[in-house]
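The values are calculated or read from the model by the stated rules, or taken from the named source; none is laboratory data. Please read these numbers as outputs of a predicted model, since none were measured by experiment. Virtual Cβ from ideal backbone geometry, glycine too; neighbours counted across all protein chains shown.
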Amino acid sequence: MSQRFALILGPVGVGQERADFAGTFTVVDAAAPALSVGELSTQRGDGVFESIGVVDSHAQEVTAHLERLANSARICDLPEPNLEQWRQAIAVAAAECPAGEWVIKLILSRGVEHGPTPTAWVTAAPASDFTAVRSAGVSIVTLDRGYPLDIAERSPWLLLGAKTLSYAVNMAALREARRRGAGDAVFLSSDGFVLEAPTASLILRFGDRFITPAPTGGILHGTTQLSVYEFLAGRGFETGYEQVRASDLGRADAAWLVSSVRLAVAITAVDGQSLPVDHALTTELNKYLLSPRD
């Protein structure tokens with residue numbers, strides 16, 4: 001196959017039950033024109049997406065990603081996606097991925113402006129090589145997101161709990177982190193609580209207890225964070241969700257950014273302050289995250 005693969009998903013009635021959705025997929029050349037100029041995903045970023053890691057043709061954490069896609073669609077008032085159709089499309093795309101690490105993206109857009117149906121498609125492409133950063137770790141800076149912790153509940157129109165295509169702010173945060181000499185960033189609420197990274201979840205270790213900021217206040221519930229917690233629970237560690245003060249970051253015995261494609265990356269410093277790194281556990285986490293998981 002070529003280095004990229006794409007499927008356009010045809011419309012399916014909400015709740016429609018069927019065993020085989022193969023006839024609803026159209027294979028297209030990912031390098032060729034495929035979207036209308038009136039497509040709202042490109043005009044306004046009006047849509048939602050998921051990125052799924054693929055290891056040796058096996059798509060990881062598919063159920064968790066599909067559940068989050070459906071939740072994002074609900075928050076954005078998009079039609080409910082038919083998850084079995086998406087699951088079968090993911091299987092088709094994963095089967096086209098050669099050995100190694102790839103990434104499948106699911107995109108659900110509101111469609112063409114004034115059009116009758118949403119637009120949906122799936123792409124597969126080689127993943128970037130994250131071997132070095134998984135080994136060396138990354139320094140981070142903290143950035144004010146500009147909202148208090150409870151803003152998502154008070155202002156749902158901000159769509160903070162959805163994984164939307166509007167990622168300009170996230171990318172700007174990463175550029176700002178690099179301007180400050182760091183490799184990544186972690187957002188803080190305006191009232192001093194830790195949120196998440198622009199493209200990853202945060203996990204902190206205090207002794208034998210691991211915590212992550214509670215998935216409220218516009219924090220996405222990370223699919224890889226859930227897998228990490230499964231691994232840690234199997235090792236006998238305590239895990240939990242808490243509201244984390246910004247001042248707690250520097251007290252952690254270790255910390256990681258975790259995401260579907262980059263996997264587990266140890267945090268080496270926060271705002272210039274060194275943080276302990278557990279290299280052995282990081283290696284174990286990534287070995288687990290690279291194993292087949294549904």
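Within region 113-145, being surrounded by fewer than 18 Cβ atoms within 10 Å (Cβ to Cβ), part of a loop (DSSP other than H, G, I, E, B) and modelled with pLDDT of 95 or more holds for 128, 129, 130. The residues in region 219-266 that are farther than 29 Å from residue 129 by Cα, touching a helix residue (DSSP H, G or I) at 6+ places or on another chain (Cβ under 8 Å) and assigned to a loop (DSSP other than H, G, I, E, B) can be counted, and the count is 0.
Here the condition is being of a type in the set (D, E, K, R), modelled with pLDDT of 95 or more, surrounded by 19 or more Cβ atoms within 10 Å (Cβ to Cβ) and under 26 Å from residue 128 (Cα atoms); of 68, 87, it holds for 68 alone.
Summed over region 190-218, residues that are under 16 Å from residue 142 (Cα atoms), part of a loop (DSSP other than H, G, I, E, B) and polar (S, T, N, Q) total 2.
Cβ-Cβ distances below 8 Å connect the following pairs, each with a first residue in region 264-275 that is in the same structural domain as residue 230 (by TED's automatic domain parsing), a second residue that is among the β-branched types (Val, Ile, Thr) and in a loop (DSSP other than H, G, I, E, B), and a separation of six or more residues or different chains: 266/277; 267/277; 268/277. Which condition breaks for residue 205 when tested against (1) farther than 23 Å from residue 146 by Cα; (2) basic (Lys, Arg); (3) free of Cβ contacts under 8 Å to residues at least 40 places away in the same chain? Every condition holds for residue 205 apart from (3). Checked against (1) assigned by TED's automatic domain parsing to the domain that holds residue 272; (2) of a type in the set (A, V, I, L, M); (3) not in a loop (DSSP other than H, G, I, E, B), residue 107 meets all criteria but (1). Taking every residue in region 227-240 that is more than 21 Å from residue 60 (Cα to Cα) and pairing it with any residue that is assigned to a loop (DSSP other than H, G, I, E, B), at least 6 positions away or on another chain, the pairs with Cβ-Cβ distances below 8 Å are 237/208; 238/208.
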